1. From the list Ala66, Ala49, Ala35, which residue is among the small types (Gly, Ala, Ser), under 16 Å from the mean Cα position of the chain (by Cα), exposed (fewer than 15 other Cβ atoms within 10 Å of the Cβ) and modelled with pLDDT of 95 or more?
2. Take the range 58-68 and flag every residue that is without any contact (Cβ under 8 Å) to a residue 40 or more places away in the chain and in a loop (DSSP other than H, G, I, E, B).
3. Any residue in the range 87-100 that's over 13 Å from His131 (Cα atoms) and touching a residue at least 40 places away in the same chain (Cβ under 8 Å): show its pairings with residues that are of a type in the set (Ser, Thr, Tyr) and part of a helix (DSSP H, G or I) at Cβ separation under 9 Å, as long as the two are six or more apart or on different chains.
4. What pairs come out if I take residues in the range 25-54 that are closer than 15 Å to Gln146 by Cα and pair them with residues that are in a helix (DSSP H, G or I) and not aromatic (Phe, Trp, Tyr) whose C-beta lies under 6 Å away, six or more apart or interchain?
5. I want to confirm something. Restricting to the range 95-114 and keeping residues that are under 13 Å from the mean Cα position of the chain (by Cα) and within 21 Å of Asp58 (Cβ to Cβ), which single residue is surrounded by the fewest Cβ atoms within 10 Å (Cβ to Cβ)?
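The values are calculated or read from the model by the stated rules, or taken from the named source; none is laboratory data. Everything quoted here is computed from the prediction, not taken from an experiment. Because the Cβ atoms are built from the backbone with ideal geometry, glycine has one as well, and the counts that use them run over all protein chains shown.
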Amino acid sequence: MNFKINTMKKLLTLTAISLLASCASPDATSTKFNAGLEKYNTNVEKVDAEFNYFENGDLQSMFDGASEDLIWSSPQGDSLTKNEWMDGMKGWHGNFENFKFTNRQYYPGVDDTEFLPDGGVRSYGVWTYNHKESGTEFETSYYSVQQFDEEGNTAFIWEFFDFGSIMLGLQ
């Protein structure tokens, strides 16, 4: 009988220790989740600043926050270089003005295996602006996904908006 009582005491003690240990130390999933969310919180501030730089025409500050190895997936679906992205942004400012990005909404990007925050930022909003030459005003719904390198620079931008409607509006 003592053997059974001692065995039961040991089992209860081990169970209690296991439960306490599991509660005291986070598991790998929650650690990854928290790390990804922390990166996201840092990166969302960078993305918001980039939109402000674009609105204000401070393109150089926007460019300075991008990796030299940046890949830009434009609305036309291309995978372009940092230089092509910079030329594209200069082109927008060369042809349009009065940029405002309203109804800004930011959400964490997630990895494609565990669906946990990975530090990426998904952005939604509405761009308003007008064509310099014609004065035509535009309002364009916008969505983007941005990823960052280990140094915190923008490494990937994937943009979605209706580019065709803008071109049709200029005819």
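1. So the residue among Ala66, Ala49, Ala35 that is among the small types (Gly, Ala, Ser), under 16 Å from the mean Cα position of the chain (by Cα), exposed (fewer than 15 other Cβ atoms within 10 Å of the Cβ) and modelled with pLDDT of 95 or more is Ala49.
2. Quick first cut of the range 58-68, residues without any contact (Cβ under 8 Å) to a residue 40 or more places away in the chain only: 58-64, 68.
Correct list: Asp58 only.
3. Between residues of the range 87-100 that are over 13 Å from His131 (Cα atoms) and touching a residue at least 40 places away in the same chain (Cβ under 8 Å) and residues that are of a type in the set (Ser, Thr, Tyr) and part of a helix (DSSP H, G or I), there is no close pair.
4. Sorted first by the residue in the range 25-54, then by its partner, the pairs are Glu50/Met62.
5. Arg104
The rows are residues; the columns are (1) among the hydrophobic types (A, V, I, L, M, F, W, C); (2) over 21 Å from Tyr40 (Cβ atoms); (3) modelled with pLDDT of 95 or more; (4) surrounded by 14 or more Cβ atoms within 10 Å (Cβ to Cβ).
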| site | (1), (2), (3), (4) |
| --- | --- |
| Glu55 | no, yes, yes, yes |
| Trp72 | yes, no, yes, yes |
| Gly77 | no, yes, no, no |
| His93 | no, yes, yes, yes |
| Leu116 | yes, no, no, yes |
| Tyr124 | no, no, yes, yes |
| Tyr129 | no, yes, yes, yes |
| Phe148 | yes, no, yes, yes |
